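Working notes, structure below.
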Amino acid sequence: MNDLLSRALNSEPIERPPVWFMRQAGRYLPEYHVTRAEAGSFLGLCRAPKLAAEVTLQPLRRFPLDASIVFNDILVPPAAMGMDLDFVAGKGPVFADPIRDVAQLKGLKKPVIAEDMPHVLETIKLLVAEIDVPLFGFAGAPYTLAAYMIEGSGSRHFEHVKAFSMHHPKEFHMLLDTLADICAEYLQAQVDAGCSAVQLFDTWAGDLSTDAFEKWALPYAKKALAGVSGVPRLYFTRNAAPYLHLIKGIEADAYAMDWHVDIARARKQLGDVPIMGNMDPLTLNGPPEVIKAEVHRIIRAAGPTGHVFNLGHGVLPITPIEGVHAMVDAVREWRW
Ligand code: CP3
């Protein structure tokens with residue numbers, strides 16, 4: 001088993017950082033489109049363990065990566081809570097009946113992981129029998145899930161979730177608390193099925209004021225991670241810079257940084273906690289020598305211990321495969 005990820009997350013000496021990237025399976029790979037077409041729909045793909053395992057393996061066949069991440073989506077748990085979810089071409093995830101008043105909260109059920117979301121656990125079991133790199137499990141963090149459930153889709157201003165939090169603070173806290181319990185149970189089930197690490201994606205918390213982040217995002221991300229044991233637990237938000245003085249309060253084992261963050265400064269502010277990141281995904285659209293220089297700049301800035309190389313957010317569908325090769329090669333040739 002490749003132990004580079006575990007050594008990096010334990011801040012042990014490493015000759016180079018491990019490399020994997022968020023959304024490493026997906027639309028930039030032609031073979032993904034073939035398997036997705038076979039599944040018929042995106043949710044169908046998430047719910048077909050053999051096909052989801054196949055899609056997880058696709059980037060590992062192309063690139064010598066040091067970790068993998070189970071193919072799934074953060075919105076599968078809200079769908080298991082009874083929300084009608086669809087993935088609309090060109091629009092992304094859409095909930096047919098978003099939560100806009102407190103009465104709707106009563107309609108949400110607490111999912112039983114093994115019954116309502118057995119697919120992801122089966123996918124994990126298929127994968128761990130086959131791969132020799134660590135497998136990440138993941139979940140959406142409570143604030144980000146609540147934001148999707150209330151907005152109904154991605155949003156520019158997040159006006160519905162912000163209004164809900166102001167009009168119904170008590171009920172919003174209760175929803176976040178319930179989601180934290182579900183996240184913890186869901187992540188632990190993924191660990192028990194064989195995952196070697198977990199990551200909590202709090203993509204939309206990056207839109208909050210620091211005060212709102214402390215109120216709505218931090219305590220519930222902390223609670224979700226506190227309920228998981230046995231493996232390293234990582235936390236990602238897609239705009240970490242404003243919260244660098246706060247996020248250690250989440251008590252994750254490592255923090256993923258987006259590319260707006262100066263990784264050397266983050267290192268100073270966070271102390272000796274391992275960090276992951278943080279190349280701009282669009283760097284992959286540049287020429288190989290530019291990609292290589294940027295990879296090496298980031299590794300140097302992050303320093304010799306406790307760094308996992310990754311992008312600052314998920315890889316985009318427009319990413320050229322040669323760019324990914326250049327990134328992975330540049331990380332692999334680095335020596336401290
Ligand atoms: O990293 C991986 O390889 C594992 C797979 C993964 C997916 N979604 C697959 C996916 C992971 C970790 C996610 C997490 C996720 N999903 C997040 C958090 C991370 C982030 O990127 O911010 C969020 C916010 C979502 C919700 C979601 N699902 C969005 C916004 C979209 C894309 C909308 C679009 O069309 O651009 C999805 C769909 C989705 N999830 C795709 C993939 C490969 C594309 C679906 C397709 O095939 O059409």
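Before moving on, here are some points about what is shown:
- Along the chain, the longest continuous region that contains none of the trypsin sites (Lys or Arg not before Pro) in a DSSP loop with at most 15 other C-beta atoms within 10 Å is 157-334.
- Between residue 290 and residue 209, the simple label model (points 7 Å from Cα in the Cβ direction) yields a spacing of 3.9 nm.
- Long-range HN-HN contacts of residue 153 with modeled amide H, under 5 Å: 95
- Note on residue 27/residue 3: beta-carbon distance plugged into 1/(1 + (r/R0)^6) with R0 of 35 Å gives a FRET efficiency of 0.70.
- Computed over protein heavy atoms with a 1.4 Å probe, the carbon and sulfur contribution to the accessible area of segment 258-336 reaches 56%.
- Close amide H contacts of residue 276 (hydrogens built in the peptide plane, cut-off under 5 Å, sequence separation of 5 or more or a different chain): 255, 256, 257, 308.
- Backbone geometry of segment 83-93 corresponds, through the Karplus equation with coefficients 6.51, -1.76 and 1.60 at θ = phi - 60°, to 3J(HN,Hα) couplings of 7, 7, 10, 9, 10, 9, 4, x, 10, x, x Hz, x marking Gly and Pro.
- Computed FRET value (nearest 0.05) for residue 335 with residue 61, which takes r as the C-beta separation and R₀ as 30 Å: 0.70
- Using a Förster distance of 51 Å, the FRET efficiency for residue 265-residue 114 (Cβ separation, nearest 0.05): 0.70
- Alpha-carbon radius of gyration plus Dmax, which is the widest Cα pair, for segment 1-159 in Å: 17.4, 55
- Value of relative contact order over the chain, rounded to a whole percent, pairs C-alpha under 8 Å and six or more apart: 21
- Summed side-chain charge close to residue 51 - residues other than residue 51 whose Cβ falls under 10 Å, Lys, Arg +1, Asp, Glu -1: +1
- Integer Hz, Karplus 6.51/-1.76/1.60 couplings in order for segment 320-328, x for Gly and Pro: x, 4, 4, x, 5, 4, 4, 5, 5
- In this simple spin-label approximation, residue 129 and residue 101 carry label points 7 Å from Cα along the Cα→Cβ vector, and these lie 5.0 nm apart.
- Cα-based Kirkwood hydrodynamic radius, segment 122-275, one decimal, Å: 16.0
- Where only DSSP H runs of four or more residues are counted, the chain gives -12500 deg cm²/dmol as its mean residue ellipticity at 222 nm, each run worth -39500 (n - 2.57).
- From largest to smallest, the equivalent ellipsoid semi-axes obtained for the chain from the alpha-carbon gyration tensor read 30, 23, 19 Å.
- Sequence-distant residues sharing a close amide H with residue 197 (under 5 Å, placed H): 135, 137
The values are calculated or read from the model by the stated rules, or taken from the named source; none is laboratory data. Predicted model, so just to flag it, every value in this text is computed and none were measured. Heads up, the Cβs are rebuilt from the backbone with ideal geometry, glycines too, and the neighbour counts pull from every protein chain shown. Please note that ligands, DNA and RNA were not included when accessible areas were found on the heavy atoms of the full protein model with its side chains. Shrake-Rupley method; radii C 1.70, N 1.55, O 1.52, S 1.80 Å.
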